[in-house]
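Student: Before we start, here is the structure in question, set down as C-alpha cells.
The values are calculated or read from the model by the stated rules, or taken from the named source; none is laboratory data. Every value quoted in this text rests on a predicted model; they were computed, and no experiment measured them. With ideal geometry, Cβ positions are generated from the backbone for all residues, glycine too; neighbour counts draw on all protein chains shown.
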Ligand SMILES: C[S@@+](CC[C@H](N)C(=O)[O-])C[C@H]1O[C@@H](n2cnc3c(N)ncnc32)[C@H](O)[C@@H]1O
C-alpha cells in the first residue's frame, strides 16, 4: 500500500475516533474497525485471491477502502451496504479520495432487503452492521456464495449477546469450519472449501 493511501486511512480512523468520542447519537458514530482487523481482512482477500466481496456496514468507508484496495489487486470488486444516507455520502467522498471509487458499488438502504435482491455470487462476505439482522442476511445469501467462501463478522467479544444468534447460525452451517479470532473486537471467521469435483480418468 502506498504512503498516500496509508496516510488517508490513518486520517479517517483518527477522525472517526474523535467523531465517536463526541457524537451523541449512535447512528452518527463512525464505529470503524480497528486497523489490525481491517488489515487482516485485506490480507485474507489478497492471499485468497478473493474477487467478489460483499460488506454489510459501510459507515464512512474506512473498512471499505481496505477491502477495495485488496480487491483491486485481485481484479475484483466490492458491494458495500449502509442504511444511512449521510454515511453513504461520506463513503462516496472517501473512496474518491482513495481513487478506489470505481471498484466499489455503494448501496444505500436496509441490508436485509438489499441482500435479498443481490445476484452474487460472493466469495467474501463481511458482516459489520446490525448483528440482530445478520442471521437472516446470511440465510438469504447462502445460495449466492461461491463453493470456496469466507464469511466474517466483527464484534464477537464486544457484543456477545447481540451476535449470539449469528454465531449459532454460522456454527450450524454444513461444510463450514468456524473460529473466532482474538483480533480487535473479536472476529468470527467461517470458511467453506468445496473443491470442484475431480475428473475420474480410466
Ligand atoms: C460498525 S459500523 C460499520 C463500520 C465500517 N465497517 C468500518 O469499519 O468503517 C455499522 C454500520 O452499519 C450500518 N447499519 C446498521 N444496521 C444496518 C442495516 N440493517 N442495514 C444497513 N446498514 C446498517 C450503520 O449505519 C453503520 O454505519
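Student: Do the conditions hold for residue 130, that is, is it surrounded by fewer than 16 Cβ atoms within 10 Å (Cβ to Cβ) and in contact with a helix residue (DSSP H, G or I) (Cβ under 8 Å, 6 or more places away or on another chain)?
Tutor: So residue 130 fits the description; yes.
Student: Looking at the stretch 69-89, which of its residues are within 12 Å of the ligand (Cβ to nearest atom) and within 12 Å of the chain's Cα centre (by Cα)?
Tutor: Within the stretch 69-89, 78, 80, 81, 82 meet the criteria.
Student: Condition check: in a loop (DSSP other than H, G, I, E, B) and within 13 Å of the ligand (Cβ to nearest atom). Does residue 33 satisfy that?
Tutor: yes
Student: Restricting to the stretch 43-67, count the residues that are assigned to a helix (DSSP H, G or I), buried (at least 17 other Cβ atoms within 10 Å of the Cβ) and more than 12 Å from the ligand (Cβ to nearest atom).
Tutor: Qualifying residue count, the stretch 43-67: 2.
Student: So, one more: Any idea which of (1) in contact with a helix residue (DSSP H, G or I) (Cβ under 9 Å, 6 or more places away or on another chain); (2) over 19 Å from residue 153 (Cα atoms); (3) in a helix (DSSP H, G or I) is the one residue 99 doesn't satisfy?
Tutor: (3)
Student: Could I ask something else about it? Check residue 62 against each of (1) more than 25 Å from residue 111 (Cβ to Cβ); (2) touching a helix residue (DSSP H, G or I) at 6+ places or on another chain (Cβ under 9 Å) and name the one condition it does not meet.
Tutor: (1)
Student: Please work out if residue 165 is more than 15 Å from the ligand (Cβ to nearest atom) and either part of a helix (DSSP H, G or I) or modelled with pLDDT of 95 or more (or both).
Tutor: Spelling it out, it is not the case that residue 165 is more than 15 Å from the ligand (Cβ to nearest atom) and either part of a helix (DSSP H, G or I) or modelled with pLDDT of 95 or more (or both).
Student: Return the residues of the stretch 173-191 that are part of a strand (DSSP E or B) and crowded, with 17+ Cβ neighbours inside 10 Å; say none if nothing qualifies.
Tutor: Within the stretch 173-191, 176, 187, 188, 189, 190 meet the criteria.
Student: Scan the stretch 130-161 for residues that are assigned to a loop (DSSP other than H, G, I, E, B) and touching a strand residue (DSSP E or B) at 6+ places or on another chain (Cβ under 7 Å) and report the count.
Tutor: Qualifying residue count, the stretch 130-161: 2.
Student: Find the residue count for the stretch 125-149, including only residues that are more than 16 Å from the ligand (Cβ to nearest atom) and either touching a residue at least 40 places away in the same chain (Cβ under 8 Å) or closer than 16 Å to residue 178 by Cα (or both).
Tutor: Number of matching residues: 6.
Student: Name the residues in the stretch 113-127 that are buried (at least 17 other Cβ atoms within 10 Å of the Cβ), in a helix (DSSP H, G or I) and in contact with a helix residue (DSSP H, G or I) (Cβ under 8 Å, 6 or more places away or on another chain), would you?
Tutor: Of everything in the stretch 113-127, just one residue is buried (at least 17 other Cβ atoms within 10 Å of the Cβ), in a helix (DSSP H, G or I) and in contact with a helix residue (DSSP H, G or I) (Cβ under 8 Å, 6 or more places away or on another chain), namely 115.
Student: Counting just the residues of the stretch 99-124 that are within 14 Å of residue 139 (Cα to Cα) and without any contact (Cβ under 8 Å) to a residue 24 or more places away in the chain, which one comes out nearest to the ligand (Cβ to nearest atom)?
Tutor: Among residues in the stretch 99-124 that are within 14 Å of residue 139 (Cα to Cα) and without any contact (Cβ under 8 Å) to a residue 24 or more places away in the chain, the one nearest to the ligand (Cβ to nearest atom) is 113.
Student: Just need a number here: residues in the stretch 142-172 that are within 20 Å of residue 115 (Cα to Cα) and surrounded by 18 or more Cβ atoms within 10 Å (Cβ to Cβ).
Tutor: Qualifying residue count for the region: 11.
A quick yes/no check of all residues on (1) at pLDDT 95 or above; (2) surrounded by 13 or more Cβ atoms within 10 Å (Cβ to Cβ):
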residue	(1), (2)
4	yes, no
28	no, yes
38	yes, yes
89	yes, yes
